[in-house]
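Q: Here you go, one structure.
Coordinate-derived values only; no laboratory data. What you see is a predicted model, and the numbers here were worked out from it, not measured in a lab. Cβ coordinates were reconstructed from backbone atoms using ideal geometry, including for glycine residues, and neighbour counts include every protein chain displayed.
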Amino acid sequence: MRTVLILGGTGEARRLAAALTGLRVVSSLAGRVAQPSLPPGEVRVGGFGGVAGLVDYLRAERVSAIVDATHPFAARITSNAAAAAVETGVPLLVLRRPGWTLGPGDRWQRVPSLDAAAEAVRDTARVFLTTGRQSLPAFAHLTAPWFLSRSVDPPEPPLPPRLEVLLDRGPFTVEAETTLLRDRAIDVLVTKDSGGDMTSAKLTAARALGLPVVMVDRPPLPAAVEVTSTVPEILTRLDALMDFRIR
Ligand code: NAP
């Protein structure tokens with residue numbers, strides 16, 4: 001039976017694992033979250049050991065295709081997957097949800113990096129950080145703002161000195177996000193351009209309250225990778241690939 005490796009850690013990856021039938025499907029998670037939402041079927045957890053480790057894995061498990069369905073900001077594993085695909089000849093498809101787009105009433109400032117986001121909020125009084133626990137070191141040197149940070153697991157140092165941590169996992173409702181922004185008297189929301197509707201309620205809430213948003217742009221994808229944005233498109237492409245490789 002042919003094996004498809006899904007590089008996961010996202011809702012799309014879980015939906016893809018559930019939709020693939022008639023193949024051996026292995027979902028791979030980095031192991032960052034203590035209690036991850038698990039996809040159906042076979043799951044492996046932990047890094048591969050860079051490009052070389054991934055190449056070894058692809059060969060040992062006789063993987064026929066890789067789907068990189070990781071988060072748009074997980075740039076290292078995406079780059080490793082692209083390099084390992086070139087080295088082994090195993091086809092790679094990238095599943096990426098579209099980024100968010102500016103709508104009427106939005107007050108977004110797009111920035112290219114977390115460091116630029118930190119620069120943008122350095123003199124703001126009350127900042128809501130929804131960029132994930134691994135992003136907090138980029139804000140650790142800022143002493144003026146008070147930060148509210150939301151993440152699934154607790155963050156580790158270095159951390160900003162004036163920080164409150166909220167442990168929570170999406171999806172969130174517009175009503176709850178509006179209440180949170182208002183009750184905590186937030187002046188600016190900082191987010192990565194993750195896209196999707198699991199965490200977009202905060203943007204709707206910010207728009208309704210007239211709050212500014214600092215939007216961190218996505219890292220670029222490796223050159224020449226094939227990207228699709230929906231699970232049905234990936235299924236169609238995998239069908240074609242598998243047919244092609246059987247003949
Ligand atoms: P990253 O910086 O791109 O990857 C760092 C290292 O973690 C990789 O070199 C790889 O280790 C390992 N790794 C990452 N994803 C993996 C996977 N799916 N399976 C096995 N190993 C993996 O990744 P990250 O930003 O820390 O994200 C880690 C995971 O969390 C990803 O799977 C991603 O989908 C999910 N996630 C990330 C974010 C985010 O904002 N970055 C948000 C939600 C979910 P080796 O080099 O040893 O193979």
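Q: Within 9 Å, Cβ to Cβ, of residue 130, how many net charges do the neighbouring residues add up to if Lys/Arg are +1 and Asp/Glu are -1?
A: Once all neighbours under 9 Å are counted, the net charge is +3.
Q: Please work out the FRET efficiency for the pair residue 209 and residue 45, using the Cβ-Cβ distance as r and a Förster radius of 45 Å; give the result to the nearest 0.05.
A: The computed FRET efficiency comes out at 0.70.
Q: Each label point is 7 Å from the Cα along the Cα-to-Cβ direction; what then is the distance between the points at residue 19 and residue 38, in nm?
A: So the label points at residue 19 and residue 38 sit 2.3 nm apart.
Q: Now for a separate question. Can you work out the base-10 log of I(q)/I(0) for region 1-88 at q = 0.20, 0.23 1/Å, using the Debye formula on its C-alpha atoms alone?
A: Taking Cα atoms of region 1-88 as identical point scatterers yields -0.91, -1.21.
Q: Run the numbers for residue 153 and residue 119: contour at 0.36 nm per residue of separation, minus the present Cα-Cα distance, in nm.
A: Full extension of this stretch gives 9.7 nm more.
Q: Report the full-extension gain for the segment residue 141 to residue 229: residue separation times 0.36 nm, less the Cα-Cα distance, to one decimal in nm.
A: Additional length available on full extension: 28.0 nm.
Q: Moving on to the next point. Take the eigenvalues of the Cα gyration tensor for the chain, scale each by 5, and report the square roots as semi-axes in whole Å, largest first.
A: Each semi-axis is √(5λ); the values are 36, 18, 16 Å.
Q: Taking only C-alpha pairs under 8 Å that are 6+ residues apart, what is the relative contact order of region 1-108 in percent?
A: The normalised contact order for region 1-108 reaches 28 percent.
Q: What are the trypsin sites (Lys or Arg not before Pro) within region 24-113 that DSSP puts in a loop, where the Cβ has at most 11 other Cβ atoms within 10 Å?
A: Listed in order of number, the matching sites are 62.
Q: Helix hunt in the chain: which complete DSSP H runs extend at least 27 Å axially by C-alpha with mean Kyte-Doolittle at least 1.6?
A: Once both thresholds are applied, nothing remains.
Q: Residues of region 59-82 with amide nitrogen under 16 Å from the 7 Å Cα-to-Cβ point of residue 221?
A: Of the residues in region 59-82, 66-82 have backbone N under 16 Å from the label point off residue 221.
Q: Determine the relative contact order of region 153-204: mean sequence separation of Cα pairs under 8 Å and six or more apart, normalised by residue count, in whole percent.
A: 47
Q: Taking 8 Å as the Cα distance limit and 6 or more residues as the minimum spacing, I'd like the relative contact order of region 1-50 as a percentage.
A: The value is 37 percent.
Q: Can I ask one more? Filter the trypsin sites (Lys or Arg not before Pro) in region 125-231 to those in DSSP coil with at most 15 other Cβ atoms within 10 Å of their Cβ, and list the result.
A: 162, 169, 184
Q: With just the Cα atoms of region 108-216, tell me how far they stretch along each of the three principal axes, in Å, largest first.
A: Largest first, region 108-216 extends 32, 27, 26 Å along its Cα principal axes.
Q: Could you tell me which residue out of 83, 20, 149 lies farthest along the dipole of the chain toward its positive end? Charges go on the beta carbon: Lys and Arg +1, Asp and Glu -1, centred on the Cα centre.
A: Checked the options; the winner is 20.
Q: What is the distance in Å between the Cα centroid of region 16-46 and that of region 112-170?
A: 30
Q: Now a separate question. What distance in nm separates the two pseudo spin-label positions at residue 52 and residue 167, each 7 Å out from Cα along the beta-carbon direction?
A: Those two pseudo-labels are separated by 3.7 nm.
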